[in-house]
1. Is there a residue in region 199-219 that is more than 18 Å from the chain's Cα centre (by Cα) and of a type in the set (D, E)?
2. Quick test of your reading of the structure: F151 fulfils all but one of (1) within 29 Å of I249 (Cα to Cα); (2) out of contact with any Cys (no Cβ under 9 Å at 6 or more places or on another chain); (3) buried (at least 21 other Cβ atoms within 10 Å of the Cβ). Name the failing condition by number.
3. Being surrounded by fewer than 19 Cβ atoms within 10 Å (Cβ to Cβ), modelled with pLDDT of 95 or more and closer than 24 Å to S10 by Cβ is true for just one of D100, D92, D108. Which residue is that?
4. Taking only region 147-178 into account, find how many residues are touching a Phe, Trp or Tyr at 6+ places or on another chain (Cβ under 7 Å) and aliphatic (A, V, I, L, M).
5. Out of the residues in region 121-136 that are hydrophobic (A, V, I, L, M, F, W, C) and within 18 Å of the chain's Cα centre (by Cα), state the one that is surrounded by the most Cβ atoms within 10 Å (Cβ to Cβ).
6. For region 132-144, check the following and say yes or no: at least one residue is under 22 Å from T263 (Cβ atoms), at pLDDT 95 or above and not small (G, A, S).
7. Kindly indicate the residue of region 135-149 that is hydrophobic (A, V, I, L, M, F, W, C) and part of a strand (DSSP E or B) and also nearest to F173 (Cα to Cα) among those meeting that condition.
8. Give me the residue from region 155-183 that is in contact with a Gly (Cβ under 7 Å, 6 or more places away or on another chain) and crowded, with 24+ Cβ neighbours inside 10 Å and, out of that set, farthest from A268 (Cα to Cα).
Amino acid sequence: MKWRGRRQSSNIEDRRGSSGGGRSGRISFPMNLGRRGRGGRRRVGRRSAVGGFGLVAVVVVALLFGVDPSMLLTGMQEPAGDAPFTRSASRDSGSDPLRDFVAVVLADTEDVWHVLFETQLKQRYQEPKLVLFSDGVRSACGSASSAVGPFYCPGDRKVYLDLDFFRSLRERFHAPGDFAQAYVIAHEVGHHVQTLLGISQRVREVQSSVSKVQSNALSVRLELQADCFAGVWANHAERTKAILEQGDIEEALGAASAIGDDTLQRQAGGRVVPDSFTHGSSEQRQRWFRLGLKNGRLEACDTFNANSL
């Protein structure tokens, strides 16, 4: 990915080393959600985190996608960054290339979503903050250890990321490359877009009155839409800034495949149970990213009314 020398976002909140629903637009993706549940209207608090590339390979059950991070056990990942970046060289010398990379990707998402909100939704995009942390962090969604992986908290509208996750992405999930990392960030920003459009809140309202299986199915649609939004971002970032290099799309698809629910369940040594999926299969995650990448329009990401995922 071509990223060096480009604008960096100022919306980075670096907590490393420290302790410690918007209005709907013209596109109303969850308009038919009631058909999947019993039409409940009980509101669910905004404190549940969404997204998250949890390190399920550590412990099967620790791979709880889309839950409040405070529900997870405290854990710690091995320190490192994704090649060619290293964390030790960055913090002490004043040079922090991995942080710079994240700031550039976040700036790219800002540029793209500002334009898309204005042109496709006739709304103003509200930029999220991206919090860098190490070991553990507190958010409006509760306290989380690094084991939860990157996540988005709608309660404070922030993306949370421990940069050490990128080594696990490469070494544990076998999904190397800077564009695999960019896909992770763009997916979490996709959850922010869902919050601004009122999609996440509506999903959680319906989830409060349906069965566990139905709730999981809605979570899958929410996550696949975030994958599609990541593809939409990549489409427009490439069109406007020519960011892609050879092999970048394959890197993103490799990451999407590596964190599919079916792949993770197989790696955990268990059987594949589709009713327990919360993020979608590897094939589904790749397909919806590709769809957003090819089409470049939000309408293409209507996972909630898709007959087939």
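The values are calculated or read from the model by the stated rules, or taken from the named source; none is laboratory data. Predicted model, so just to flag it, every value in this text is computed and none were measured. Positions of Cβ are generated from backbone atoms using ideal geometry, with glycine treated the same way; all protein chains shown enter the neighbour counts.
1. Just the residues of region 199-219 that are more than 18 Å from the chain's Cα centre (by Cα), to begin with: 202, 205-215.
Still in the running and of a type in the set (D, E): 205.
For region 199-219, residues more than 18 Å from the chain's Cα centre (by Cα) and of a type in the set (D, E): present.
2. Condition not satisfied by F151: (2).
3. Values: D92 fails: modelled with pLDDT of 95 or more; D108 fails: surrounded by fewer than 19 Cβ atoms within 10 Å (Cβ to Cβ).
Going through D100, D92, D108 in turn, the sole match is D100.
4. Count: 1.
5. The first filter runs over region 121-136 and keeps only residues hydrophobic (A, V, I, L, M, F, W, C), leaving 121, 130-133.
Then drop every residue that is not within 18 Å of the chain's Cα centre (by Cα), which leaves 130-133.
Details: L130: 25, V131: 21, L132: 21, F133: 23.
Among them, the one singled out is L130.
6. Residues of region 132-144 under 22 Å from T263 (Cβ atoms): none.
No, there is no match, as no residue in region 132-144 is under 22 Å from T263 (Cβ atoms), at pLDDT 95 or above and not small (G, A, S).
7. Within region 135-149, the first condition is being hydrophobic (A, V, I, L, M, F, W, C), and the residues that meet it are 137, 140-141, 144, 147-148.
Still in the list and also part of a strand (DSSP E or B): 137, 144.
Details: V137: 23, A144: 21 Å.
By that ranking, first place goes to A144.
8. Among those residues, the one meeting the criterion is L163.
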